[in-house]
1. Condition first: outside any loop (DSSP other than H, G, I, E, B) and more than 8 Å from every other protein chain (Cβ to nearest Cβ). Now tell me which residues in the range A:134-153 satisfy that.
2. Just one of the numbered conditions (1) open to solvent by 10 Å² or more (accessible area, probe 1.4 Å); (2) in a strand (DSSP E or B) is not true of A:K170; which one?
3. Is it the case that the range A:151-161 has a residue that's in contact with a Leu (Cβ under 9 Å, 6 or more places away or on another chain), at pLDDT below 95, crowded, with 24+ Cβ neighbours inside 10 Å and not aromatic (F, W, Y)?
4. Looking only at residues that are among the aromatic types (F, W, Y) and either part of a loop (DSSP other than H, G, I, E, B) or within 20 Å of B:F54 (Cα to Cα) (or both) in the range B:76-121, which one is modelled with the lowest pLDDT?
5. Determine whether B:G155 is modelled with pLDDT of 95 or more and either within 12 Å of chain A (Cβ to nearest Cβ) or more than 22 Å from B:E53 (Cα to Cα) (or both).
6. Can you tell me which residue among A:R156, A:R183 is in the same structural domain as A:S107 (by TED's automatic domain parsing), assigned to a helix (DSSP H, G or I), in contact (Cβ under 8 Å) with a residue 12 or more places away in the chain and under 26 Å from the mean Cα position of the chain (by Cα)?
7. So in the range A:139-150, with the set limited to residues that are under 24 Å from A:P329 (Cα atoms) and away from the ligand (no atom under 16 Å from the Cβ), which one is surrounded by the most Cβ atoms within 10 Å (Cβ to Cβ)?
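The values are calculated or read from the model by the stated rules, or taken from the named source; none is laboratory data. The structure displayed is predicted, hence computed values, not measured ones. Don't worry about glycine lacking a Cβ; one is built from the backbone with ideal geometry, like all the others, and counts go over all protein chains shown. Just so you know, the surface numbers come from the protein's heavy atoms only, side chains and all, with ligands and any DNA or RNA stripped out. Shrake-Rupley method; radii C 1.70, N 1.55, O 1.52, S 1.80 Å.
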Amino acid sequence: MSHPKAASQFLKDHANSLWHDETLWMVREKRDAISKTIPEWEELRNLASQIKDKVLSNLDVYLENFEANAQKNGIKVHWAKDAAEHNQIVLGILREKNCQAIVKSKSILTEECHLNPYLEKNGVEVVDTDLGERIVQFLQQPPSHIVMPAIHLKKRDISALFHEKLQTEKGNEDPSYLTNAARLHLRKKFLGSKVAITGVNFGVAETGEFVVCTNEGNADMGVHLADVHIACMGIEKIIPRRKDLGVFLRLLARSATGQPITNYNSHFRSPAKGKEIHLVLVDNGRSLQLAREKFRNSLKCIRCGACMNTCPIYRRSGGYSYGSTVPGPIGSILSPGLDMKKYSTLPFASTLCGSCSDVCPVKINIHEQLYEWRQEITKHHGEFGKGLSMKLASGIFKSPLAYKISGSTMRKAIKLLPKGLIYNPLNVWGKNRDLPEAPKESFQEWYKKNRG
Amino acid sequence: MSSRENILKAIRGIQRERKELPTLPDFKLEGDLVDLFIRAIQANKGEVMGEEEFNNWVSSCDFHSIISLSEPFQSLSTFELPEDPHHLNHLQLAIIQGQFGVAENGAIWLNDSQLPHRVLPFITEHLVIVLSKENLVDTLHQAYERIGEEHSGFGLFVAGPSKTADIEQSLVVGAHGAKSLRVVLM
Ligand code: SF4
């Protein structure tokens, strides 16, 4: 489904979409508040961006160093060119260990590779252990946000779900009660799993160690009780030096949720006695993206989610409207790199207001890349079929999304001339929220009057 | 050609500008480190207490399952560390010696030398970390400076109890790991 179609479905439940919008904006405000307590915040963002520049310019060498150091520490390193190979490697390890049930902590990469359905098809039970991920897994849904996987659901939904799956009291919607039920349920899974899978937040070339951050402690509960830890890592997650972690860990949680650090930040360097660590390095389109000069910077992403929380379109349309593993502004520049046709509407799911670029802790020029993708997609529109090309060819104000979303955010956006929006990254939601009073008519009405 | 070779070859084939790694400034904090540290732990939903307060708390709790690995409180242990970490499942209290704390965010560094079982600070119902006031640094920059070349199989910054906000963004303390964190600052 195209983004505008999916977005308009989400918008049908008005109360829910309003709650979604306001809740994410609250997270964005928490991020703002905490960033202002750090005088060197902007300097940290610059440093993070420069470190990542260096990583991308020297990725082959860092990967080799990382691998050699990890191997020296007793970690088994595997390489996967794509999702299919990644999944085969993981299954191979499970088969070798005779393992039919695993626990997994949050890993966007394994979502990207569709590891769960692959393993399930091959007879392996997969239990996602992050609370939000477990909730969406029960519903057979993917996460709708990379940091807050169940942000689209209300506690009454979760209460009903847990009543069905975990036999909690009917109608008890107390978050503490529901969380405790999940704790008891997942404790059994942690104690019974021989293999645990995690993602990786950072891999340090200099030491061969990797870092995993959580608030719940679920990654650690899984791996320290299991015999085998499989860590799945995109090749762009490398950083050169251990001390670079100081920069990235100062930025990550503050940008993600407005907290000063995640409560657990685990540094894995070598397996405990008698145990194994496997690390799977995955390309899956990353080297291709690296080769696209205009879009290279998208590989700096540390998956904090801040660009989603601030994006007026994401907040109003929900994570599922993007139909890609990583939604929101960053997803809209990563996904077309994987499949330009399938994700052709995503770069248009933006007002180009530039707020995403303003909050990004590694200073990715997200809104400029969105604009670049529009050019690419418009150039190739002929290949995508007539209907789409007609809609896309003439730019943002004739894009389907722009007239389907007719909420207050878009009413504010029309204060700006189309040209101004496209060519001049005015920062409507970032630096200046106090806009002059928005016009009463909806965008759709305005568009009808003013097009052509 | 293996996938490893393929990936590395693809990357090597890309024209890229040479870039330099920035040197990292030594950003510090303003203010009293003890104060800042206490405030940070509290913000993370932990508690900070002195020795006496801690002793009163422990004796009021009537725990029957305690493992203490901190020198001054060794006598509180109720049993020997089991060989198999799965047997820690019903552990009520773990008391661990922290290496140093970070004032900007409350993170406390532990590694394999404090953690005979890596799962200990997670699986226990309540966690206490004993820390000397002398061992506080300003920010994570000084923290990694201090960790330096240290070589441990596992290292952990723990900054609070296990928590989640995955149900409608309401904060709940005690997701999978320790339901509380108390720091005894001596
Ligand atoms: S693009 Fe930037 S803001 Fe968005 S998730 Fe990645 S690091 Fe965070």
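1. First pass over the range A:134-153, keeping only residues outside any loop (DSSP other than H, G, I, E, B): A:134-138.
Across the range A:134-153, the qualifying residues are A:R134, A:V136, A:Q137, A:F138.
2. Evaluating A:K170 over (1) open to solvent by 10 Å² or more (accessible area, probe 1.4 Å); (2) in a strand (DSSP E or B) leaves (2) as the failure.
3. For the range A:151-161, residues in contact with a Leu (Cβ under 9 Å, 6 or more places away or on another chain), at pLDDT below 95, crowded, with 24+ Cβ neighbours inside 10 Å and not aromatic (F, W, Y): present.
4. Among residues in the range B:76-121 that are among the aromatic types (F, W, Y) and either part of a loop (DSSP other than H, G, I, E, B) or within 20 Å of B:F54 (Cα to Cα) (or both), the one modelled with the lowest pLDDT is B:F79.
5. Numbers: modelled with pLDDT of 95 or more: yes; either within 12 Å of chain A (Cβ to nearest Cβ) or more than 22 Å from B:E53 (Cα to Cα) (or both): yes.
Yes; evaluated as a whole, the condition is true for this residue.
6. Values: A:R183 fails: in contact (Cβ under 8 Å) with a residue 12 or more places away in the chain.
Just one listed residue meets the conditions, A:R156.
7. At the first step, the residues of the range A:139-150 found to be under 24 Å from A:P329 (Cα atoms) are A:141-150.
Now restrict to residues that are away from the ligand (no atom under 16 Å from the Cβ): A:141-142, A:150.
Working: A:Q141: 15, A:P142: 18, A:A150: 26.
Result: A:A150.
Per-residue answers, yes or no, for (1) in contact with a His (Cβ under 7 Å, 6 or more places away or on another chain); (2) among the charged types (D, E, K, R):
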{"site": "B:R39", "(1), (2)": "no, yes"}
{"site": "B:V58", "(1), (2)": "no, no"}
{"site": "B:N89", "(1), (2)": "no, no"}
{"site": "B:Q92", "(1), (2)": "yes, no"}
{"site": "B:I96", "(1), (2)": "no, no"}
{"site": "B:R118", "(1), (2)": "yes, yes"}
{"site": "B:K133", "(1), (2)": "no, yes"}
{"site": "B:D138", "(1), (2)": "no, yes"}
